[in-house]
Each structure stands twice: as C-alpha cells, then as structure tokens.
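Take a look at the structure set out below.
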Amino acid sequence: MARIYRTIESLKSLKYELESRDITRFKSVKEIKEFLKEFDSEKQAVLNDTKNELNEEYHKTCIRLKSNTQKRVEITNLATEKIDGQIADLQSKIDIIHKKNGLNFINKILSSVRLYYLNKQCHDFKGRKSKILNKVVLPLSQKIKIDQVFINKYESNKQILIERSAQIKIKELEYTRDVLEECKNLISGAIGENLVVKEIKKLSDDYVLINDFKLEFSPPIFYKQQNERIYSIQIDHLLISKAGIFITETKNWSKKSVNSISLRSPIEQIKRSNFALYIYISENLSLADHHWGEQKIPIRNLIVMINNKPKAQFKYVSIKLLNELNDYISYFDPVLTEKQLNKITSHLV
C-alpha cells in the first residue's frame, strides 16, 4: 500500500468551515453524502420519533392524571374529616357552656368570653374550610391542571403538537443542510481528493503521497512565463515514485463545468507549481549517486478528473479520469533507486 502523509486540504477547509458554524456531527465526507441523500428520511424520522414520544407521554399523562385526581379526592376527604372534627370539637365545647347553670357572676363573665372566642374559631373554620382544602391539595391541583392542558392539546391538535415539538430538531437539520449546500464546492473537492487518495493507496509502498503539499518562497521566485512573482504554492497531492514526481491536482467537475469558459483553467495553476517545485528541488535537493553526474528528478503534471474530462489534449500536462489514474502512474519505468526515493521523500515530507 502506498505511504500517505497529511490530510487533504479541502477536507481540512471543510472541517474548519463546519466547526466554525457549530456543526460537529460529521466524521467523514461519506457521512456528509449520506446526510444529504437521506435528509428527507431523517426529517421524517424526527417527526416519527416525536410522534412516538408524544404518544408515550400522552398515555403516561392519562395514567398520572387519573392517579393524581384520585389522590386529590383522598387528600380532600382526609382534610375535610380533620376540619369537620375540629369544628365538631369546638361545637361540643360551646354546647357544654350553654348547658351550664347556676354560675356566679364572675364565672358567667368568663364563660361568655370563652364562648365568644369558641364561636369565633368555629365560624372561622367554617368560613376558611374551602381555602384550607384548596391549599392542602394545591401542589396536586397544579400538576393535574398541567396534565389536563397537555391532554386537551394532544386530543384536539395532535399533528400541530408533533410539529411544534419537533421544530427545534427540524430547524437544526435544515440549518445543517443549508450550510452544506453553501459548502458544496468544498464538499465536492473533498470527495474528489478523497477518491484520489483511496485510488493511490492501492499502489505499492514504492509510492509516497503527500497531501496538501505547500512551499513558501522568500524572496519570491520570478515566473517569467506569466510575468509574476511566486510567493507560495499549494498542490493537492504530490506523488513521489521511482519514476519521478507527479504534481497532481484533483477536479471533481460536472460536464457543464468542464466546458465552461468562466472557470479558471487548472493547467496554468499546475504549470506554475511545476516551475516553482523545479526551482526548489534544483536549489535544495541533489542526487549525486549516478557515476555520470547529478541526476535529474522527472516532474510530471497530472490533473485527475473524477467523472468528466475534456476531449482535447494539452501541452505539458496529462489529464486522466480517476479510473485511468493508477495505470497511467504505473506506466513509467523507474529511474530512481530506493535510496534516492527515500531521500526525496524525507526532504519533501
């Protein structure tokens, strides 16, 4: 299996973009593809799960309402008995005072005062009976009211209740889908580059792939062909083999994009990278093992198109479909030794 170094650039960019927008559920491009494909099914699953949860909650609430209603009756009856007993006790004391005869003047006055307070207490108990009972069962009454409201809503507007309950999860799904739609170019790039990596992995360990290869130049390199100064380059995949180095750019374009004149040609980009890499290797890497002299490292330009490629052929670059990639790479005869391969790899990695 080919040796692979570093994460593909579009995948890093995609991960950063999603995390910056609080989307962390995806661990791979495959999961993103499955989410977009199954979005409607996942949305319906949320509604179904919410429906089942509400059904279960409804049945539990009905049972709890019946139980709490019965408890309230029992507590009310016990409290009523207690209050009625207190009233009966006061009334008994009042009756005893009324039956007493032959009291002297002082005792009559004391009895009258006591009778007044007993009557007042008895009257207060009778007047406050409802309030006392309501206070005793207040916690239960509140729970019963909440359950009754839920049951009424469920029985009268079940579908609306399901949609409202699922609203937060549905909005999260829709937000995730909208963000992914905005990132479709990154996703497409990540899918394409990931497929290239998987394909190259099938090669032997004589091949070394460096994803997201970058070089910076200070001072910059002057690129006469385009009359510009190159400060840095970024290459999707740098493949090192005994046949030389393949500068590999991946494009996951539709047929419409391939034929569009508004999109920038990747050929100029890869030629620019080739020039900069050639200058860098010439100045920093020497293969002096050959008895004839310093050996040249072949650098080839390769654009991999995932599904569609132009019919025309172009100078200085080969354009291959994904299913043509490994056959093309393997076609070239080795010109480097394993020692030289490892030296190049060590330096560029």
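To the nearest ten degrees, helix 9-20 and the longest principal axis of the Cα atoms of the chain are 20 degrees apart.
Check cross-link reach from LYS339 to the lysines: straight Cα distance under 16 Å, and skip same-chain residues fewer than eight apart. Result set, ordered by chain and number: LYS242, LYS296.
What's the angle, to the nearest 10 degrees (0 to 90), between helix 184-201's Cα axis and the longest principal axis of the chain? Once rounded, one gets 60 degrees. Projected over every direction and averaged, the convex hull enclosing the alpha-carbon atoms of the stretch 1-68 yields 8.5 nm².
The modelled label-to-label distance between GLN159 and GLU181, using points 7 Å beyond Cα along the C-beta direction, is 2.5 nm. Were the residues from LYS27 through THR337 laid out at 0.36 nm apart, the gain over their Cα-Cα distance would be 107.7 nm.
The candidate values are [x] -0.37, -1.13; [y] -0.63, -1.16; [z] -0.57, -1.14; the one derived from this structure for log10 I(q)/I(0) by the Debye sum over Cα atoms at q = 0.08, 0.14 Å⁻¹ carries the label [y].
Close amide-amide hydrogen proximity is noted between LEU203 and ALA2, each under 5 Å apart and 5 or more residues distant or on a separate chain (H modeled in the peptide plane; Pro and chain starts excluded). Sorted largest first by accessible area at a 1.4 angstrom probe radius, with every protein chain in place, the residues HIS237, HIS123 fall in the order HIS123, HIS237.
Dipole size of the chain about its Cα centre, with +1 on Lys/Arg Cβ and -1 on Asp/Glu Cβ: approximately 2180 debye, rounded to the nearest 20. When the surface is traced with a 1.4 Å probe over the full set of protein chains, THR345 keeps roughly 10 Å² accessible. Taking Cα atoms only, the orientation of helix 105-136 departs from the longest principal axis of the chain by about 30 degrees. Potential lengthening of the chain between SER286 and LEU78 amounts to 64.9 nm, from the contour at 0.36 nm per residue minus the alpha-carbon distance.
Here is how the number arises for the chain: DSSP H runs of 4 or more residues each give -39500 (n - 2.57), the sum is divided by the residue count, and the result at 222 nm is -21500 deg cm²/dmol.
Averaged over its residues, the stretch 113-217 has an accessible area of 64 Å² per residue, based on protein heavy atoms and a 1.4 Å probe. When you restrict to C-alpha pairs under 8 Å that are six or more residues apart and normalise by the size of the chain, the relative contact order lands at 21 percent.
Listed by chain and number, the lysines whose C-alpha is less than 17 Å from the C-alpha of LYS71, apart from same-chain residues fewer than 8 away, are LYS60, LYS82, LYS135, LYS143, LYS145.
The fraction of accessible area contributed by carbon and sulfur in the chain is 51 percent, rounded to a whole number (1.4 Å probe; ligands and nucleic acids excluded).
Rolling a 1.4 Å probe over the heavy atoms of the protein chains gives the stretch 241-349 an accessible area of 59 Å² per residue. Take CYS62: with every protein chain present and a 1.4 Å probe, its accessible area is about 40 Å².
The distance between label points at ARG229 and SER204 comes to 4.6 nm (points 7 Å beyond Cα on the Cα→Cβ vector).
The values are calculated or read from the model by the stated rules, or taken from the named source; none is laboratory data. All values reported here derive from a predicted model rather than from experimental measurement. For neighbour counting, all protein chains shown are included, and Cβ atoms are generated from backbone atoms with ideal geometry for every residue, glycine included. Protein only, heavy atoms only, side chains kept; ligands, DNA and RNA dropped before computing areas. Shrake-Rupley method; radii C 1.70, N 1.55, O 1.52, S 1.80 Å.
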